[in-house]
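Have a look at the structure below before the remarks.
The values are calculated or read from the model by the stated rules, or taken from the named source; none is laboratory data. Here the structure is a predicted model, which is why all the values come from computation and not from measurement. FYI the Cβ positions are ideal-geometry reconstructions off the backbone, even for glycines, and counts take in every protein chain you see. Surface areas here come from the heavy atoms of the whole protein model, side chains and all, with no ligands, DNA or RNA. Shrake-Rupley method; radii C 1.70, N 1.55, O 1.52, S 1.80 Å.
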Amino acid sequence: MRAKRAIWAVAAFAVIALAIAGPQSCTRGPAGASVGELARERGLSEADITAALKTYLPTGQLDEYVMFSSGGHSGQVLVIGVPSMRLLKVIAAFTPEPWQGYGYGAGGTMEALEGGLVNGKEVLWGDTHHPAISETDGEYDGQFLFIDDKANARVAVISLKDFETKQVLHNPLMGSDHGATFVTPNTEYVIQSSQYAVPLDGSYADLSEYQERYRGAVTFWKFDRAAGRIDPSRSFTLELPPYWQDLADAGKGPSMGWVFLGSFNTEMATGGIETTGVPFEAGASANDMDYLHAINWQRAEQVYQSGNGLRRIQGMSVIPLDVSISEGLLYLIPEPKSPHGADVTPDGRMIVTAGKLDPHVSVYSFEKIQDAIANETFSGRDPFGVAILDFDAVLEAQVELGLGPLHTQFDGRGGAYTSLFIETAVAKWSLEDFTLKEKIGVHYNIGHLAAAEGDTRTPDGNYLVALNKWSIDRFMPVGPLHPQNFQLIDVTGEPMQLLYDMPIGIGEPHYAQIIKADKLDPWLVYPEVGFSPHAMASDPNAVSSGEERIERNGNRVDVYMTAIRSHFTPEHIKVRQGDRVRIYLTSLETIRDGTHGFAIDKHNINVSLEPGESEVVEFVADQAGVYPFYCSEFCSALHLEMVGYLLVEP
Ligand code: CUK
Ligand code: CUA
């Protein structure tokens, strides 16, 4: 498919090149102007035309890849086709989303959102950072997607059968998270680590007690693939020093069983510019070195299962720091300076970190780390007694790349790509000879970058997307809040070529992962009529055709309703003021894209009824009056007639 497209592209380019070069071209587009004339008129260069040819998809053709991007503060996940960079879907995770009916009914989506209650409080936004596609043997398997909410230390589980959120979990031990979500190579665990340290038990402690009372943590959420849910009862947490743990990556291949976790503010600065005169930014970046945490999660799992020395804190099983030290679960590795990214190479042999305030990436050898642990080649211990491995003993190489290196991705051919935030560029360098190969400017100030199949053992090495923080002058001005700019880069050869700018009007996205489209196998309609997306099974409350009815029990009214083009049955619901009304809704549709909506005026209710879907809404009819309910999805020629009346008698 790709080869075919490449041949086509070469042929097309030859025609266009001829058209540009030739005095009179015979290649005329449907609108009359020749391709050459069009290119000249629009001032397009050869590079522009190749970029267009590499990204343009004629109608009906599908993308080769799908990118799952964090939706930043929207609390959502963006689904984008690559290379066309067309937005395909926005998956609601932490935030209600009306079109998908997420958070406007009473059924599964409400249960998912309720899982995200923070100490009993509704928090209806999320700061999503790092999506993680489920993996089997270190390869994306296309079954599930996980995403974190940094602001409230939450994790969401999304099924890639219907691209809907099934579960939201709050981690009570953490204030905020950042090393989340990342998965181990068979999705044994979903990793979530804290960012800003707090007392793990949720209690009050003054900042003067920072070193004694505040702690970091990393939780290994056990993923139950059959249930499609995280199982908190089989999950465990390691207590960590009160550094600000940052990004994580799981080892694979030879480093299987380990996870690597950057950190900063190992100074344990507590800020207070107003009294101390030392702001956090200065206090937390005073030292030349911070620590990469190397954690043996497989051994930690054994310690957890043995139960020895565990503590229960806020309902979570926690391995205390002293147990981690004595059991050899945790080691620290010096990393320069205010590090951010931590990325394991595809072969699992090396870990790449980058310090925001250091122009190098530092590359560590897993083998050397193991040797240093075995031989106790330590340069000391931190204030909590955690062994610090000798920097020189575990370092494989440092490569000077430029200003503000953050994150690294790989192409599977020995090439590594590091984002340079300050320099606003992507640096390509070699894992073989540790030299800088080339740089490409991006617009502007790149954060993460995402390579096709980039976190697997076998990255594809063709596409890279730069997730830029600033767009400045790239797009039509839309007021002072500018879009973010995703830039698609072709990395098949040298030099790298910038192909496409995609404005992102919700934000701010952080990380993304790109999976081969043919690894996804989503449902086109639900597998049967009366299917519950929440239970992922047939719904016992589903309503079949002919079984529609209204049942009253005291002041509770149960309505069993079906929807099919272009009517609801029943169409009249008459209740008394004060009744509690439950409406069980089943879509009898079986055709692709035959979606209905169900909205009731003035009741904050809207659900999406995809073909076969069974849903439920519930409300108290507390105001007498007449309330039309209608299908909120333009489903047919008689869509506007797909309506009914809720009559609430005084
Ligand atoms: S972070 Cu945003 S650019 Cu949350 Cu992964 Cu680095
Ligand atoms: Cu059903 Cu519109």
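What the table below lists for this structure:
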{"quantity": "Val557, sole failed condition from (1) assigned to a strand (DSSP E or B); (2) farther than 17 Å from Gly101 by Cβ; (3) within 16 Å of ligand 2 (Cβ to nearest atom)", "calculated": "(3)"}
{"quantity": "Test: residue in region 520-527 that is among the acidic types (Asp, Glu), surrounded by 17 or more Cβ atoms within 10 Å (Cβ to Cβ) and part of a loop (DSSP other than H, G, I, E, B)", "calculated": "no"}
{"quantity": "Inter-residue pairs, beta-carbon under 9 Å, first of a type in the set (S, T, N, Q) and in region 494-512, second more than 16 Å from ligand 2 (Cβ to nearest atom), 6+ apart", "calculated": "Gln497/Ala47; Gln497/Thr50; Gln497/Ala51; Gln497/Lys54; Gln497/Ile440; Gln497/Ile489; Gln497/Asp490; Gln497/Val491"}
{"quantity": "Long-range neighbours under 9 Å by Cβ, at least six apart or interchain, first residue more than 16 Å from Val118 (Cβ to Cβ) within region 158-173, second aliphatic (A, V, I, L, M) and modelled with pLDDT under 95", "calculated": "Glu164/Ala112; Thr165/Ala112; Thr165/Leu113; Lys166/Ala112"}
{"quantity": "Residue satisfying all of: in region 22-68; polar (S, T, N, Q) and crowded, with 17+ Cβ neighbours inside 10 Å; modelled with the highest pLDDT among these", "calculated": "Thr55"}
{"quantity": "Filter result for Leu87 (closer than 20 Å to Tyr500 by Cβ, within 16 Å of the chain's Cα centre (by Cα) and surrounded by fewer than 18 Cβ atoms within 10 Å (Cβ to Cβ))", "calculated": "yes"}
{"quantity": "Subset of region 388-424 (residues that are in contact (Cβ under 8 Å) with a residue 40 or more places away in the chain, on the phi > 0 side of the Ramachandran plot, more than 15 Å from ligand 1 (Cβ to nearest atom) and under 27 Å from the mean Cα position of the chain (by Cα))", "calculated": "Gly412"}
{"quantity": "Yes/no for Leu389 being assigned by TED's automatic domain parsing to the domain that holds Val465 and in contact with a helix residue (DSSP H, G or I) (Cβ under 6 Å, 6 or more places away or on another chain)", "calculated": "yes"}
{"quantity": "Residues that are open to solvent by less than 30 Å² (accessible area, probe 1.4 Å) and more than 29 Å from Tyr140 (Cβ to Cβ), drawn from region 188-218", "calculated": "Ala197, Pro199, Leu200, Ala205, Tyr210, Tyr214"}
{"quantity": "Any hit, region 446-457, residues being within 25 Å of the chain's Cα centre (by Cα), away from ligand 2 (no atom under 16 Å from the Cβ), in the same structural domain as Gly72 (by TED's automatic domain parsing) and open to solvent by 70 Å² or more (accessible area, probe 1.4 Å)", "calculated": "yes"}
{"quantity": "Test set (1) more than 23 Å from Ala106 (Cα to Cα); (2) open to solvent by 70 Å² or more (accessible area, probe 1.4 Å); (3) among the hydroxyl-bearing types (Ser, Thr, Tyr) - Tyr511 fails condition number", "calculated": "(2)"}
{"quantity": "Selection status of Val616, more than 12 Å from ligand 2 (Cβ to nearest atom) and surrounded by fewer than 15 Cβ atoms within 10 Å (Cβ to Cβ)", "calculated": "no"}
{"quantity": "Residue within region 544-551 that is under 23 Å from Phe146 (Cβ atoms) and either open to solvent by 30 Å² or more (accessible area, probe 1.4 Å) or outside the structural domain of Ala112 (by TED's automatic domain parsing) (or both) present", "calculated": "no"}
{"quantity": "Residue pairs meeting the criteria (Cβ under 6 Å; at least 6 apart or on separate chains; first assigned by TED's automatic domain parsing to the domain that holds Lys166, in region 94-116; second of a type in the set (Asp, Glu) and open to solvent by 30 Å² or more (accessible area, probe 1.4 Å))", "calculated": "Ala106/Glu618"}
{"quantity": "Any hit, region 319-332, residues being within 30 Å of Ile273 (Cα to Cα) and surrounded by 15 or more Cβ atoms within 10 Å (Cβ to Cβ)", "calculated": "yes"}
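Yes or no, residue by residue, for (1) touching a residue at least 40 places away in the same chain (Cβ under 8 Å); (2) under 32 Å from the mean Cα position of the chain (by Cα); (3) within 16 Å of ligand 2 (Cβ to nearest atom):
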residue	(1), (2), (3)
Thr569	no, no, yes
Ile583	no, no, yes
Ile591	yes, yes, yes
Thr595	yes, yes, yes
Ile600	yes, no, yes
Val607	yes, yes, yes
Asp622	yes, no, no
Glu641	yes, no, yes
Pro650	yes, no, no
